[in-house]
Structure formats: structure tokens, C-alpha cells
1. Take region 352-364 and flag every residue that is under 23 Å from residue 384 (Cβ atoms) and assigned to a strand (DSSP E or B).
2. What residue, among those in region 163-173 that are in contact (Cβ under 8 Å) with a residue 12 or more places away in the chain and surrounded by fewer than 18 Cβ atoms within 10 Å (Cβ to Cβ), is nearest to residue 380 (Cα to Cα)?
3. Look at region 64-111 and say how many of its residues are in a helix (DSSP H, G or I) and in contact with a strand residue (DSSP E or B) (Cβ under 8 Å, 6 or more places away or on another chain).
4. Looking at (1) exposed (fewer than 12 other Cβ atoms within 10 Å of the Cβ); (2) at pLDDT below 95, find the lone condition where residue 238 falls short.
5. Among the candidates 332, 359, which residue alone is crowded, with 19+ Cβ neighbours inside 10 Å and within 13 Å of residue 292 (Cα to Cα)?
6. I'm told residue 171 meets every condition in (1) at pLDDT 95 or above; (2) in contact with a helix residue (DSSP H, G or I) (Cβ under 8 Å, 6 or more places away or on another chain); (3) part of a loop (DSSP other than H, G, I, E, B) except one. Can you identify the failing condition by its number?
7. Does residue 150 satisfy the criteria of being without any contact (Cβ under 8 Å) to a residue 12 or more places away in the chain, outside any strand (DSSP E or B) and not assigned by TED's automatic domain parsing to the domain that holds residue 405?
8. Being within 15 Å of residue 236 (Cβ to Cβ) and without any contact (Cβ under 8 Å) to a residue 40 or more places away in the chain, is that true of even one residue in region 382-405?
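The values are calculated or read from the model by the stated rules, or taken from the named source; none is laboratory data. This is a predicted model, so every value here is computed, not measured. Methodologically, a virtual Cβ is constructed for each residue, glycine included, from the backbone with ideal geometry; neighbour enumeration extends over all protein chains shown.
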């Protein structure tokens, strides 16, 4: 495989963060009263201690090598990667961008790094929930380390991370296998980041709208697209808030949905795959296949009757009645949504596009952009405010593999709820 094309397959927009510490400047106050000066000094020291505590890292990470990494980095190069990761999470702690700390060799890459971290901060700040971080940790696994003829080092890595949000400090919000691409270069005797790329919401929007981008186009297009993405996210959040006024529809149901059984299955197969089913991770995504399995584990039977079917017996597509093949509704997001809305009689009983904040653990959320629904996740927990109002959901998902992660931070601006009532035997 051509290495450049392989790297483009991983490519996303640059998402990096660097951290700088500003010194505290004093002022010569001349002949002021001594007690006042002591009081001011104590107050200043307390403020300095508070600021220091706030800026202290509330997490840490480690670096590992995959079995096919190829070669080990030097301690200096490893430290550069860990510094990048630490500084990124440090900015998310209190949702304050901390500037740069000389991590990048190129000023334009630093600017894009700032755009990316500001996007994450802005997305988290617009939510009703408190998504500052009480603690965090990560493992960065280097899957490929490839020195180039020009002296740079290309690195493919995967991040497994845990974030404990201040809103839900006792819940480990986990991300598995998040891809990263680093390019390191030596400049004036020191190793720097030439670039860093990873998927984020703006890259997803650009990819959906324009397809694969040339490297020279990414930076400007990203900078131009970030405000538009945040505007869309804000509008979608406002629409969901207005949805509180809508009444749920009555759904006729004969048999209950075993939410606890569904959640046990969902949790078990976030990171691994159940070998009894096909894995569609390399064929457009395993998200809806996983969600369908979760519903089935919760007692919802396959529906092989009538025009609206939902089934998986083997991989060959079969959208007609009968116990054979698989229906598109089992693995496709749009197709499942259509089935959930259209089905009557035997099988799933649900309200598709239910009032957004009426969800419970075991329900499904469908995510997309401009009405193009491309992802399905399973609600694992309800996030509430001090008054007990639902303000968000934690979700489990496949492709990407996330556990107890806030739905509002997933990246897709538009989200709709499918409320599972149970199933009907006739």
C-alpha cells in the first residue's frame, strides 16, 4: 500500500493543544500601611495558590507500543507526544485554552491547534451540564512508527481515555481506539510536532460535505468551518430544548422491554464484538448492528412478518418476510428509523423521534447532520440537573467505541430519540 495514501486514510483535521504558564507580576506599592500590605499579600498568595491548584493537572497518561509499531522513539520524542496529550486534556479541565508551549515547529499548525481546542471548549461550554473535568487519564498506543527520508517521523496511534466530568464525577466516560496521526521533525536540535491530526466534529462535517481533502486545503477550510459547526450545534441544542413542550405519543404494547438485560449486553460489547454476529466496522460502521443486538438482548424479537421487517440470520441482504438473511433495518440507521416508525402488529413497539428529553437507559439516539442520520447509540444513563431535569444522556456505542460518554459531546449536531416501549406478539 502506498504510504501516503495509507496516511490520508487516517487523515483528519489537526487537533492539538499546547499549554503556557503566565507569570504573576507584582506592583511596587511604596509607603502603604504595613497591615494593609500584609493583608493584600496574604490575599494575593491565596489567589495565587487557588490559580495554581486550578491549573494543576488533574490527570496523567502513558505511552505504549503496539506489536507492529516498528521501532521505539527516543525519550525526548516520547515526551513530546505525552506533553501534547497532557496539554490537550489540561485545556479541557476548566474549559480554558492555555495557549502554546512551543510544541509545534510551524506557526500555522499552532494556529490550527488553537482553533481545534477552542472548538472543543465552546462545544462543552454551550451544554447545560458541567463538562469540566474532575479527572482524566489516557493510554496512547503507537501502532506505527515510520521514519521518512526527509528526517521526519510519521506516527499512527490510538488513544484509550477516561474522562470523569464534573457533572458525573463517579462515571468513567471512556473512549476506545481514537485515532491520531503525528508527524515529528527535528528543528534546531530539538524535536517538535510538525503536525497532528485526529477526527473531531468539524472534520466530520468537512468530510461529509466535501469528501477527502488535500492537506494544503485542510487548515483554512477548518478555520472557516468551525464557526458554522458551532452555530449548527447551538441551533440543534435550542431545538431540543424547545422539544420539552411536546407531548409523547401513546404506543400500544403487549410485552415489556427488559432494559437491564439490554444494558448488560450494551456494556459488555462496547469494546469487543460478539462473535455470533457479523462485525460491520469496516463496512460502513457497526453502530446500528450493535444497537439492534442490544434491543434483541432486551427481549425484542426479530420481525420476519409483513412489509416492515427487522432481522439478522446471516449476512446476505433480505428485505422481505421470512427467517433468512438480514434486513437493511438491522444494520442501517435510516432503515432502522423507518422500520421503528412504520412497524405495526408483530415486533418492535417504539416511538421514533420521541420528545428528546423523555429517554431512559436502553433507548436509542440517532445522530446526524442536516437530516442525514449516520449514527446510532444506546442510552446508558440519564444526566440530570439539580432540579432533576434531564439535560443530557450518557451513551454506549460501537464505531466509535464509547462507554458512558455524553451524547451532546459526541460530535453530531442533530440527535433524535427512539423511545422503546416493548414489543407486540400480534
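1. 353, 354, 364
2. Taking the candidates together, the pick is 172.
3. Qualifying residue count, region 64-111: 14.
4. Tallying (1) exposed (fewer than 12 other Cβ atoms within 10 Å of the Cβ); (2) at pLDDT below 95, residue 238 fails exactly one: (2).
5. 332
6. The failed condition is (2).
7. yes
8. yes
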